[in-house]
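Supplied in C-alpha cells, the structure appears directly below.
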Amino acid sequence: MPPRIPCRAHRAACATPAVRCRIRLQRRSASTAASAPEIYDVVCVGGGPAGLSLLAGLKASPVTNGLKVALIDGQDLQKNRLQKDATLDSFSNRCSSLTPASMRNLQEIGVWRHANASRIQPYQEMQVWDGVSDARISFDWDTARSFGPRKPTQPTTIAYMIENVNTVSALLGRLEELGGVDMFASTKVDAIELGTDTEQLDLSSWPVLSLSNGKSLAARLLVGADGANSPVRTFAGIPSRGFDYSRHGVVATLKLSNSGWGGPDHKIAYQRFLPSGPIAMLPMPGNFATLVWSTTPERAAKLKSLSPADFSAMVNAGFRLSLTDLEYLHTLPSGQAEEIAWREKHTPVDERALPVRVTDVQSGSVASFPLRMRHADTYTGERVALVGDAAHTVHPLAGQGLNQGQGDAAALVRTISHAVQTGQDIGSTLALESYNAARYAENNAMMGVCDKLHRLYSVESGPIVGLRSLGLRAVDAMGPLKGFFMNRAAGGV
Amino acid sequence: MLARRASQAPLFASTSTSPSPIRFSSTTSSSAKEPPKSTVDPTEVSHFNALASSWWDPVGPSRLLHLMNPLRHTFISRCRNASPSASPASNLRYLDIGCGGGIFAESAARLAHTASVTAIDPTPEVLKIAEVHKRRDPMIAAPGKLTYINTSIEDLPQPKTPQEGYDIVSLFEVLEHVNAPGPFLEHIMPHVKPGGWLVLSTISRTWTSWLVTNVMAEDVLGIVPKGTHDWAKYVNESELRDWFYGKPGWGELKTMGVMYVPGLGWKEVTGSEGWGNYFFAVRRAE
C-alpha cells in the first residue's frame, strides 16, 4: 500500500547540478516560513511494512527509544488494519512470503506476537518446474540435507505466508503498545524544503516538512518509506533507475478442493515457469491459497475479465496444460472451464506433483499490478535514508520485496543505534554510510538473481531450455547445494 | 612564548628499546614551579588553520578522523565498564583538549550520559569552524551543553578542588603534535577528577608508523594532508606506560591498538599498540 503523498515541489530532477541549484532555491523560499519548525530526530514518511518496522525497531530498543520520532502517512492507518472479527473463510489478495530471517526480526522487536497467528501459514516444501521442459526441483529441508544427518534443531519451515494487512496490523499494535511515536495519519506532505539559518540555529542542512495539517517538522533524519514513487527520494535528488517488464502480476485468493497433498501440517508452495512469466500458488490456512501469476498485460486483462468458474479453470490449466493449449485458451472470450475440462482429459499429468484443484476464487480478489524493476542509485543522502520500495522495487518472482524492506528497516535500526551509542549525528552522511554498505550490495544481488531468473525462463525454445533444465535437475539432485539455495531464500546465512 | 618545550626540559632516558631519541620528560616538580608555558608548536597551529575549512567534509582531509571517532567512544565505554567502582553513569563532564573542529566534542555532547563538554584548542580558525558547525544541531547548541574555548591547556584555569575536575579528559590525536609530552601531561592531569579518566590516542614511533603515516598516508595515497605528521614527535605506548607507572595516584592503564584498513575502516588489532595507532587510558584514584 504505497502512501500517496503529493509533493508540490521538485519533480524530475536527475542531474546533480540541477539538484544543488534547486535546493538553494528552496532554502530561500523556506526562509519565508512564519513559525519555527518542530525538531524531530527521525521523521518517517510512509506507514507501510518497512516504515512501521523501522519505527517499532527504534522504539523497542533502549538505545534508541529516546529519539523523538514522527510518522506521516496520507492514509488513515486504522483503516488498513485487520478486522478483529475477521473469519478464516476470507483472505486478502495481498500476501507475502515472510522469510524466517524477517520473522525472527519481527519477533525480536516484539511485533510477531501481535500478529493474528491463525491467519499465518508456514510452508515446508516448494515445488518449482519448467513449463517448457517439465524439469523440476523440489525444496524441502529433508532432501536439502547438509553433509551429515539433519539436526533436530534445523528448521522445517521455508517461509511464512502472511497477509500484508496482518503484518501492518501487528506492527501498528506493537507501536501502540510502545508509544512515543507522533502519528500524523491522513496527513499529506505538502512540501519538503531545507531549513533556514537563523541567529540561534542553522537548519540549512535539515529537511523541513510542511504538512497538510499546517504543522512543520524539521528532521534530523528523514526516512523515505514512501513507496516506488518516493517524494523523499525526489527531494534528496537520488535518481532511481530501472525498467518495466511489460508484465503484470495477477493476484487472487483461491479456494481449493482440500488443504493440499501434505495435509494442514505440511504445506507446499508451487511455481511453474511459463515463458510469459511464472505462475505461483502459495498456501494459506485451511483450503485457501494465494495466486501470483506474472503474465503479459493483455493476458492479465483477459484473466481479470473471466467468470469465477472460468478463472479457476484457467489457474488449474496454468499448472497443467501445454503452452499451446494455454495460448489458445487466452484467446477465448469465455467458456474456458468447458474447454479445459475437455483438454485435460487428453493431457496426462501426475496429480500428486501438482497443486490440488482450485474450486473457486474469492469474489473481488482478482487484481493485477504492473511489474517493475527499480533501484535507487544510493539509499542515503545528507539527512535522508530510503527503505523498502522507495529504495528498490523487485520482480515479485521470489517473493522478496517485503523481506528486503524488513531487512532495510532492521539494518537502519542497527546503523542508528550505533550512531546514538557513539554520539554521531544520526542524519550525517558518515553515520548513514554503514546502512548503505549493509543493504545496497545485498539488495542488488537479490534483484539481479530475480531479474535473471525472469529472463532465463522467458526463453521458449533452443539450447537455453535444455541448459536450464539440466541445471535445475542437477541442483535438485545435490542436497547440500539445494540447502545453500534454501538458506539464501530463507534469508539466512 | 611558544618555544620548543623539549629544549628546556631535560631529556629523560627511557628504558624502552626505541631507536630514536626520547623527548619524553618526566619532571614532575620543575614544571610546577615554572610559569605556565605553552607546549603548543606554532607550526602545528598554522597547519591546522589551513585545514579548518574542510574539517567537517565527510570525504575531505579529516575523513580518517571522522571514521575513527566511534572507536573513541567504544574505548571510553570499555574503560568505564572495566572499572570496579565505576564513575557515575550519568551527568558526566568532559574536557576535550585539542578539539579541532569538534569531531569528538560534538559526539561526546550528544551522548545520553553527558552533562557538559568543555572543548579547547589553541588554533583559532578551527574553533570558528567548530562554533559554526555546532549551530547545525539543536541538541548540542543548547546553552551549557558544549563550550569551546580558544586556549592552550596551560592557560585553562585549574579546578579549585579535585572534585571540580572532569570525569573524562580526552586528548585525541594530539600528543604526536606536542613538543614536550611530559610537561604537557603534567598540565592536564590536575583537570581529571578523582575516579575520572584521562583518555588519549596517538601513534607509536616505529618504522611501520613512519612508513604508514608519513610515506603511505601523506605521500603515496594522499589520504592525510601533507605535513600533518612529524614522526620524531610520536610517542610509544611503552613510554607512556612507564611514565604513568611513576605517577602515584594513577593506575588502571588500558590500551587498544587500532589500524585503518582501506575498505573496512578502523579495526581493533590486538598488539598493534606496539607499532601503530593506539588508544591509551589511565584512571585517577578516587
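Could you identify the single residue in A:ARG299, A:ARG320, A:ARG272, A:ARG357 that is closer than 26 Å to A:PHE91 by Cα and out of contact with any helix residue (DSSP H, G or I) (no Cβ under 7 Å at 6 or more places or on another chain)?
Details: A:ARG320 fails: out of contact with any helix residue (DSSP H, G or I) (no Cβ under 7 Å at 6 or more places or on another chain); A:ARG272 fails: out of contact with any helix residue (DSSP H, G or I) (no Cβ under 7 Å at 6 or more places or on another chain); A:ARG357 fails: out of contact with any helix residue (DSSP H, G or I) (no Cβ under 7 Å at 6 or more places or on another chain).
Criteria check complete, one pass: A:ARG299.
Can you confirm whether B:THR43 is modelled with pLDDT of 95 or more and more than 14 Å from chain A (Cβ to nearest Cβ)?
Numbers: modelled with pLDDT of 95 or more: no; more than 14 Å from chain A (Cβ to nearest Cβ): yes.
Considered against the rule, which asks whether it is modelled with pLDDT of 95 or more and more than 14 Å from chain A (Cβ to nearest Cβ), B:THR43 comes out as no.
Counting only residues that are free of Cβ contacts under 8 Å to residues at least 60 places away in the same chain, give me the strands (runs of 3 or more DSSP E) lying completely in segment B:234-286 with at least 2 of them.
Numbers: elements: B:250-261, B:265-268, B:277-284.
Here the list reads B:250-261.
Suppose the filter is within 14 Å of chain B (Cβ to nearest Cβ) and of a type in the set (Val, Ile, Thr); does A:THR415 pass it? Reasoning before the result, please.
On the way: within 14 Å of chain B (Cβ to nearest Cβ): yes; of a type in the set (Val, Ile, Thr): yes.
Spelling it out, A:THR415 is indeed within 14 Å of chain B (Cβ to nearest Cβ) and of a type in the set (Val, Ile, Thr).
What single numbered condition from (1) under 24 Å from A:VAL292 (Cβ atoms); (2) touching a residue at least 24 places away in the same chain (Cβ under 8 Å) fails to hold for A:GLY427?
(1)
Residues A:VAL394, A:VAL387, A:VAL413, A:VAL420: which one is within 15 Å of the chain's Cα centre (by Cα), surrounded by 20 or more Cβ atoms within 10 Å (Cβ to Cβ) and within 22 Å of A:VAL111 (Cβ to Cβ)? Give the derivation first.
Numbers: A:VAL394 fails: within 22 Å of A:VAL111 (Cβ to Cβ); A:VAL413 fails: within 15 Å of the chain's Cα centre (by Cα); A:VAL420 fails: within 15 Å of the chain's Cα centre (by Cα).
Just a single option satisfies the conditions, and that option is A:VAL387.
Which of the residues that make up segment A:422-437 are more than 7 Å from chain B (Cβ to nearest Cβ) and part of a helix (DSSP H, G or I)?
Hits for segment A:422-437 are A:ALA431, A:LEU432, A:GLU433, A:SER434, A:TYR435, A:ASN436, A:ALA437.
If I go through segment A:47-99 residue by residue, how many of them are surrounded by fewer than 19 Cβ atoms within 10 Å (Cβ to Cβ) and either assigned to a helix (DSSP H, G or I) or of a type in the set (Gly, Ala, Ser) (or both)?
Number of matching residues: 8.
Here's the yes/no breakdown for (1) touching a strand residue (DSSP E or B) at 6+ places or on another chain (Cβ under 6 Å); (2) among the aromatic types (Phe, Trp, Tyr); (3) modelled with pLDDT of 70 or more:
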site: B:ALA9; (1), (2), (3): no, no, no
site: B:ILE22; (1), (2), (3): no, no, no
site: B:SER26; (1), (2), (3): no, no, no
site: B:TRP55; (1), (2), (3): no, yes, yes
site: B:HIS73; (1), (2), (3): no, no, yes
site: B:ARG78; (1), (2), (3): no, no, yes
site: B:ASN91; (1), (2), (3): yes, no, yes
site: B:CYS99; (1), (2), (3): yes, no, yes
site: B:ILE103; (1), (2), (3): no, no, yes
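Mind counting the residues in segment A:359-374 that are aliphatic (A, V, I, L, M), buried (at least 18 other Cβ atoms within 10 Å of the Cβ) and in a strand (DSSP E or B)? Give the steps one after another, and end with the answer.
Residues of segment A:359-374 that are aliphatic (A, V, I, L, M), as a first pass: A:361, A:366-367, A:371, A:373.
After this cut, where a residue has to be buried (at least 18 other Cβ atoms within 10 Å of the Cβ) as well, the list is A:361, A:366, A:371, A:373.
When the remaining residues are screened for being in a strand (DSSP E or B), the result is A:361, A:371, A:373.
Qualifying residue count, segment A:359-374: 3.
Another one. Being of a type in the set (D, E, K, R), away from every other protein chain (no Cβ under 14 Å) and surrounded by fewer than 23 Cβ atoms within 10 Å (Cβ to Cβ) is the filter here, so list the residues in segment A:196-246 that pass it. Before you say what the answer is, go through the steps one by one.
First, the residues of segment A:196-246 that are of a type in the set (D, E, K, R): A:197, A:199, A:202, A:215, A:220, A:226, A:233, A:241, A:244.
When the remaining residues are screened for being away from every other protein chain (no Cβ under 14 Å), the result is A:215, A:226, A:233, A:241, A:244.
Once the filter is applied, which keeps residues that are of a type in the set (D, E, K, R), away from every other protein chain (no Cβ under 14 Å) and surrounded by fewer than 23 Cβ atoms within 10 Å (Cβ to Cβ), segment A:196-246 yields A:LYS215, A:ARG241, A:ASP244.
Further question on the same structure: Could you go through segment B:101-112 and let me know if any residue there is more than 8 Å from chain A (Cβ to nearest Cβ) and on the phi > 0 side of the Ramachandran plot. Steps first, answer last, please.
Let us first name the residues in segment B:101-112 that are more than 8 Å from chain A (Cβ to nearest Cβ), namely B:101-105.
This time we only want the ones that are on the phi > 0 side of the Ramachandran plot, so: B:102.
Yes, that holds for at least one residue.
Counting only residues that are of a type in the set (Gly, Ala, Ser) and either touching a Lys or Arg at 6+ places or on another chain (Cβ under 6 Å) or free of Cβ contacts under 8 Å to residues at least 24 places away in the same chain (or both), which one in segment A:163-195 is surrounded by the fewest Cβ atoms within 10 Å (Cβ to Cβ)?
Residues of segment A:163-195 that are of a type in the set (Gly, Ala, Ser), as a first pass: A:169-170, A:173, A:179-180, A:185-186, A:191, A:195.
Narrowing further to those that are either touching a Lys or Arg at 6+ places or on another chain (Cβ under 6 Å) or free of Cβ contacts under 8 Å to residues at least 24 places away in the same chain (or both): A:169, A:180, A:191.
Values: A:SER169: 24, A:GLY180: 13, A:ALA191: 20.
The selected residue is A:GLY180.
Oh, and also: Could you check, for segment A:379-399, whether at least one of its residues is in a helix (DSSP H, G or I), within 14 Å of chain B (Cβ to nearest Cβ) and in contact with a Pro (Cβ under 8 Å, 6 or more places away or on another chain)? Steps first, please.
Going residue by residue through segment A:379-399, those that are in a helix (DSSP H, G or I) are A:388-390, A:396-398.
Narrowing the set further to residues that are within 14 Å of chain B (Cβ to nearest Cβ) leaves none.
No: segment A:379-399 contains no residue that is in a helix (DSSP H, G or I), within 14 Å of chain B (Cβ to nearest Cβ) and in contact with a Pro (Cβ under 8 Å, 6 or more places away or on another chain).
So which strands (runs of 3 or more DSSP E) are wholly in segment A:231-324 and hold at least 3 residues that are among the acidic types (Asp, Glu)? Before the answer, list the steps.
On the way: elements: A:240-256, A:268-274, A:277-283, A:288-295.
In segment A:231-324, no matching strands (runs of 3 or more DSSP E) lie anywhere.
Starting from segment B:113-126, keep only residues that are of a type in the set (Ser, Thr, Tyr), then list their pairs with residues that are assigned to a helix (DSSP H, G or I) and modelled with pLDDT of 90 or more whose Cβ atoms are within a distance under 6 Å, requiring at least 6 positions of separation or different chains.
Hits for this filter: B:THR114/B:ALA108.
Restricting attention to segment B:124-148, which residues are in contact with an Asp or Glu (Cβ under 8 Å, 6 or more places away or on another chain) and more than 14 Å from chain A (Cβ to nearest Cβ)? Working first, answer last.
Going through segment B:124-148, the residues in contact with an Asp or Glu (Cβ under 8 Å, 6 or more places away or on another chain) turn out to be B:127, B:130, B:132-137, B:140, B:146, B:148.
B:LEU127, B:TYR148, listed by residue number.
Within segment A:213-229, can you find the residues that are under 29 Å from the mean Cα position of the chain (by Cα) and part of a loop (DSSP other than H, G, I, E, B)?
Of everything in segment A:213-229, those that are under 29 Å from the mean Cα position of the chain (by Cα) and part of a loop (DSSP other than H, G, I, E, B) turn out to be A:ALA225, A:ASP226, A:GLY227, A:ALA228, A:ASN229.
The values are calculated or read from the model by the stated rules, or taken from the named source; none is laboratory data. Worth saying up front: this structure is predicted, and the values here are computed from it rather than measured. Backbone-built Cβ (ideal geometry, glycine too); neighbour counts: all protein chains shown.
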